[in-house]
Every structure is written in structure tokens, then in C-alpha cells.
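Take a look at the structure below.
The values are calculated or read from the model by the stated rules, or taken from the named source; none is laboratory data. Since this is a predicted model, take the numbers as computed values, not measurements. Neighbour counts are summed over all protein chains in view; Cβ atoms, including those assigned to glycine, are modelled from backbone coordinates with ideal geometry. These area figures cover heavy atoms from the full protein model, side chains too; ligands, DNA and RNA do not enter into them. Shrake-Rupley method; radii C 1.70, N 1.55, O 1.52, S 1.80 Å.
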Amino acid sequence: MNILKQCFYLLLICFIGEAVALLLPVPLPASIISMVLLFLLLLTGWFRETQIREVSDFLLGNMAVLFIPAGVSIINYFDEIRSVWPALLAIILISTIVTFLVTAFTTQLMIRFMARRGRSYAAPEAGVSEPAGSKREEM
Amino acid sequence: MGELTSMALFGLGLSLGAFELGKLIQKKCKNPAANPLLIAIVLVIAVLQIFHIPYEDYEEGGKLISIFLGPATICLAVTVYRQVRILKANVLPILVGTAVGSAASILTVIGLCYLFRLDQVFHVSLIPKSVTTPIAMEISRAQNGIVPVTVAAVVLTGILGAIISPLLIRVCRIKNPVTAGVAIGTSSHVIGTSKAVELGEIEGAMSSISLVMSGIITVIYSLFL
């Protein structure tokens with residue numbers, strides 16, 4: 001394991017992503033392009049997970065730290081938020097619950113649909129539950 | 001004092017110190033509401049306010065940390081790659097679940113923003129709230145949203161998801177771990193996923209795949225907004 005070499009590979013992929021983002025006609029974030037690129041490289045076996053394992057484990061394991069500066073800069077927007085923060089909190093609460101329920105309901109529906117067509121799944125098919133539909137009226 | 005605080009060392013050290021303190025508090029409380037990131041942000045803001053340190057001083061060190069956001073986002077590919085077998089076995093439920101779930105997230109945000117008569121800038125700042133922070137920041141920036149508001153919304157969404165997900169799973173009697181994982185990952189990204197991992201291995205794997213999927217899907221949706 002050579003940490004500097006791993007960093008180099010990661011930065012190289014970042015750089016390629018930035019270059020591709022400039023060439024694309026749609027405004028896709030460079031980091032998303034690089035992410036898909038890395039996934040494809042791993043999937044095709046052109047690039048092995050061991051070639052960036054330590055660096056990626058470090059970054060993934062400490063990701064939360066990286067958002068502190070972005071979060072702190074909310075200090076510059078206190079005036080804008082002062083009057084609306086209760087509404088923002090309400091939106092976050094309601095939307096998160098609805099998103100959870102809709103996702104669960106849809107996924108469950110798809111799993112049942114696939115099971116009916118006789119495909120097998122890694123997850124146990126037993127215990128297929130009451131979907132979320134009945135609960136959504138509360139919203 | 002000003003000379004010291006405007007050094008990059010100050011912002012960098014303050015951030016890392018605040019985060020370590022946050023982790024310590026979380027360990028003591030064992031409560032998902034005691035999120036280290038949230039605690040760190042509050043602590044740093046408190047220090048800056050109390051000692052009247054200008055934000056620009058802090059930013060000198062802060063921007064050194066932000067540089068690593070891009071590389072860290074890319075590493076999410078490694079997470080998905082490690083779960084590729086379970087992804088292949090459930091590809092359709094994951095894709096459809098995250099696609100419909102992300103649409104529900106965006107639509108409820110837009111609908112509620114109109115209901116509360118919020119300014120357009122808050123619509124675009126809140127739209128990516130269920131997506132993992134680095135992707136959410138990109139979406140918000142591309143749409144001219146207020147990125148810090150997005151970060152705050154994302155963190156709050158995640159914490160909320162980690163608290164209410166087990167409750168929702170029980171109330172709705174969701175017994176399939178795939179369903180539970182996809183729902184957690186799509187609605188409350190990485191912070192929710194940390195809870196999903198506690199629930200079980202399949203839940204954790206599905207949740208981490210779904211958070212990446214819903215991130216990509218939300219980016220694609222946002223191109224049409």
C-alpha cells in the first residue's frame with residue numbers, strides 16, 4: 001500500500017471528471033462523473049479496489065468533517081433564515097417522512113412484482129409486509 | 001488576535017477540534033440527535049460569534065478542508081462496488097424505488113415551499129435535502145441555491161431519518177430488509193445509513209447503494225427543473 005500513489009490515482013480520476021464535465025453539454029457535477037467513472041473502472045476490472053483502498057477508506061470514514069466549513073458558512077445567511085426557519089423545519093420533517101413511505105411502498109411493490117415473475121432475490125421473500133400506503137393519510 | 005485567527009491553521013484546527021468534541025459528546029449520549037457534524041458546526045459558529053472572529057478568517061482554514069469534498073464523493077463508488085452482488089440481485093426494486101422516492105422528495109419540497117410561500121431561492125436550496133451532502137451541494141450550487149442552507153437541511157434530514165426510520169419501519173410493519181434499506185438510504189442518505197447498518201447487514205448495504213443511486217437520480221432530475 002502506497003498512500004501517495006493512491007492519492008495520485010484518486011486525483012487523476014477527479015481531474016478526468018472535471019475535464020469531461022467541461023466537455024459535456026449538460027451541467028453534470030464533475031464529482032458525479034468521476035464517481036460513475038471510478039465505478040465503471042472497478043466493474044470492468046481495469047482498476048482494482050486495492051489500488052485506492054486505504055485512501056478511500058480514510059475519506060469515506062471521515063467524510064462528515066469535510067462538511068463543517070460549508071455548514072459554518074450559514075453564519076452569513078442568518079438574516080435570510082431568521083423569519084423562515086420554522087417553515088424550513090416543517091418542510092424537512094414532512095418531506096422526509098413522505099419520501100421514506102413512498103420509497104418503501106414502491107420498493108415493496110417492485111419486489112412483489114419481481115417475485116411473481118419468478119425471479120429469486122438475495123433477501124428473504126417471506127415476511128413481505130403491509131406496505132406503507134395505509135399510513136400516508138396522516139400527511 | 002486577528003493575525004492568529006486569519007492563519008489557515010486556526011480554521012483547520014478549530015474544525016477538527018470541534019468535530020472530535022462532537023464525537024466525544026455522541027459517545028456519551030448515544031443519541032442520534034447528538035450528531036458530531038451538527039455539534040461541530042454549532043461549536044465553530046459559537047466560537048466565531050463569541051470572540052468576534054470574522055468568517056473570512058475561519059474560511060482560510062475551512063477551504064483547505066472543502067478541497068477534499070470532490071475526492072471523497074468519488075469514493076462512494078467504492079462503497080457501491082463492494083455491494084455489487086446485492087445490487088445486481090435487486091437492481092430493479094432499487095432503481096424504481098429510488099427514482100420514485102427521489103421524485104416524491106422533490107415534489108413534496110416544491111409543494112410545501114409554495115404552501116409556506118417561501119422565496120424561490122429556498123426551493124432550490126431544499127430540493128436536494130434527502131441527498132448525500134457533497135451531491136446536494138453541487139445541485140444547490142448549480143441551481144443558485146444557498147449552499148449553507150442546503151448543508152443544514154441535509155444534515156437535519158439525515159438526523160431526523162436516523163431517529164424516525166426505525167419507528168416508521170415498525171409502524172408500517174416493513175419486514176423485508178431490502179425495502180427498509182432502500183427507504184432509509186433514499187430518504188436520509190449517509191446519516192440514515194449509519195442507522196441502517198445497526199439494523200442489519202442487508203439494510204446497511206441497500207441503504208448505501210440507495211443513497212448513491214438517489215443522489216445520481218436527483219442530479220438528473222434537477223437538470224430538468
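Looking across segment B:114-145, the residues that are surrounded by 24 or more Cβ atoms within 10 Å (Cβ to Cβ) and facing chain A (nearest Cβ under 8 Å) come down to B:L126, B:K129, B:S130, B:T133, B:P134, B:I135, B:M137, B:E138, B:I139. Inside segment B:14-46, residues that are under 23 Å from B:G2 (Cα atoms), facing chain A (nearest Cβ under 10 Å) and surrounded by fewer than 20 Cβ atoms within 10 Å (Cβ to Cβ) make up a count of 3. Looking at segment A:91-103, which of its residues are open to solvent by 10 Å² or more (accessible area, probe 1.4 Å) and in contact (Cβ under 8 Å) with a residue 12 or more places away in the chain? Those that are open to solvent by 10 Å² or more (accessible area, probe 1.4 Å) and in contact (Cβ under 8 Å) with a residue 12 or more places away in the chain: A:I94, A:I97, A:V98, A:V102. For B:L24, the conditions (1) without any contact (Cβ under 8 Å) to a residue 24 or more places away in the chain; (2) in contact with a Leu (Cβ under 7 Å, 6 or more places away or on another chain); (3) not assigned by TED's automatic domain parsing to the domain that holds B:V190 are fulfilled apart from (2). Of the residues making up segment B:152-166, those that are open to solvent by less than 10 Å² (accessible area, probe 1.4 Å) and without any contact (Cβ under 8 Å) to a residue 60 or more places away in the chain are B:A153, B:V154, B:T157, B:G161, B:S165.
For A:T44, the conditions (1) within 10 Å of chain B (Cβ to nearest Cβ); (2) surrounded by fewer than 13 Cβ atoms within 10 Å (Cβ to Cβ) all hold with the exception of (1). Of everything in segment B:67-98 that is closer than 16 Å to B:V182 by Cβ and more than 8 Å from every other protein chain (Cβ to nearest Cβ), the residue that is surrounded by the most Cβ atoms within 10 Å (Cβ to Cβ) is B:L87. Within segment A:47-90, restricting attention to residues that are open to solvent by less than 70 Å² (accessible area, probe 1.4 Å) and of a type in the set (G, A, S), the residue that is farthest from the other protein chains (Cβ to nearest Cβ) is A:G61. Given the criteria at pLDDT 90 or above, in a helix (DSSP H, G or I) and buried (at least 23 other Cβ atoms within 10 Å of the Cβ), does B:A196 qualify? So B:A196 does not fit the description; no.
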